[in-house]
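Each value in this text was obtained by applying a stated rule to the coordinates, not by laboratory testing. These figures come from a predicted structure and were not determined experimentally. Here the Cβ positions follow ideal geometry from the backbone for every residue, glycine too, while neighbour counts run over all protein chains shown.
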Amino acid sequence: MHLTDEQLNEYLDHETNEREQIELHLKTCHECSARFSDLQNLFLELDSLPDLQLTRDLSKRFNPSRELIRVPTRWFNLTVFAQATIALVALIIAIPFIAIYLQQIDTTMLVTSFAEVQTLWNTWLDALSTFEFESTAFELPTLPIVEMSSLLISLAGIFVVWIFGNGILLRNQIRR
Amino acid sequence: MNAPTDRDLILRAKRGESEAYGEIVTRHQTSVFNVCYRILHNRNDAEDLAQETFMRAYDKLETFDIEREFGAWIRRVAANVCFNFLESQKTSLALDEERDQDKSPSPSQQVEVKERSEQIRQALASLPSNYRLVVEMRHYQEMSYDEIAHELKIPLSDVKSHLFRARKILAEKLHAPNG
């Protein structure tokens, strides 16, 4: 009597207790031995199947830090360069105004202005404590700055360029 | 400096270092993808489900027994994910056959089919999905009959019949005179 398919499969799967009887039969039966050999070849072929390679890296999702240190894009580099150039030009334009402004500062006048602010602050505190408000109590002191508008416009320009440039540079992070 | 072991990386991942888990994924992604590909025989689905496998494993990492071998465990998770996917997509045998027929090799593909490994893949793909799963678990994950029965929640007799029939079909396809 020949071995069944089940016996051969279980033998190769190491799932039988009849190993010795099966081995003994295989030594004497050519037909069963041939069937066994075919099945063994199938096992070898299945085991020899090579691994395929992935087309994408599945680990990226778990490596956020790797994403952050990615190579900057060309667009990113251009924006940085443009922002730096515009800020430099704006600063060069502002320098003469800053120089004029510095010349216009009178140190004696600054001390006087500081004293005026302090006096005004005391007046306001008195007014608040007594609830007696005089119209003169809220007059702003005169600051020792002449022709300040040009300087302020220049500085505001630089500030806007800086904010706008950073907004462009950080747009990807903001979207996340 | 020695590379950290899977165990070290898992401990770090459990402490919240996602980069450590990323390293684990890098190590095991090919084997997990191949589990999925052998079962599904569709590259896109296999890659998606391999990703899904790692996501699920990450969620369950807290309960993972650190003494177990991660590679064997994640491949088993992958087989289960694919099994659930196939269950959710269960179609009639006729549709399965239709899909296989749609994949009849074009002239250019016939050149590739001459390679033995491709023939084996095609033969595996032609198996019914439940047979494919059992072959995957027995041959590539080296699970015992009892483990497969437990994993798939089917009787031991079904495991044996699926496996032996699958091998018969594979042998017929691969060892046919023109095969």
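Stretch B:Lys173-B:Gln89 to full length: gain in nm at 0.36 nm per residue minus the Cα-Cα span?
Length gained, B:Lys173 through B:Gln89: 27.6 nm.
Multiply the residue separation of B:Asn44 and B:Arg27 by 0.36 nm, subtract the distance between their alpha-carbon atoms, and state the gained length in nm to one decimal.
Between B:Asn44 and B:Arg27, full extension yields 4.1 nm more.
Spin-label point model (7 Å from Cα, Cβ direction): what's the A:Ser113 to B:Ala72 distance in nm?
8.1 nm
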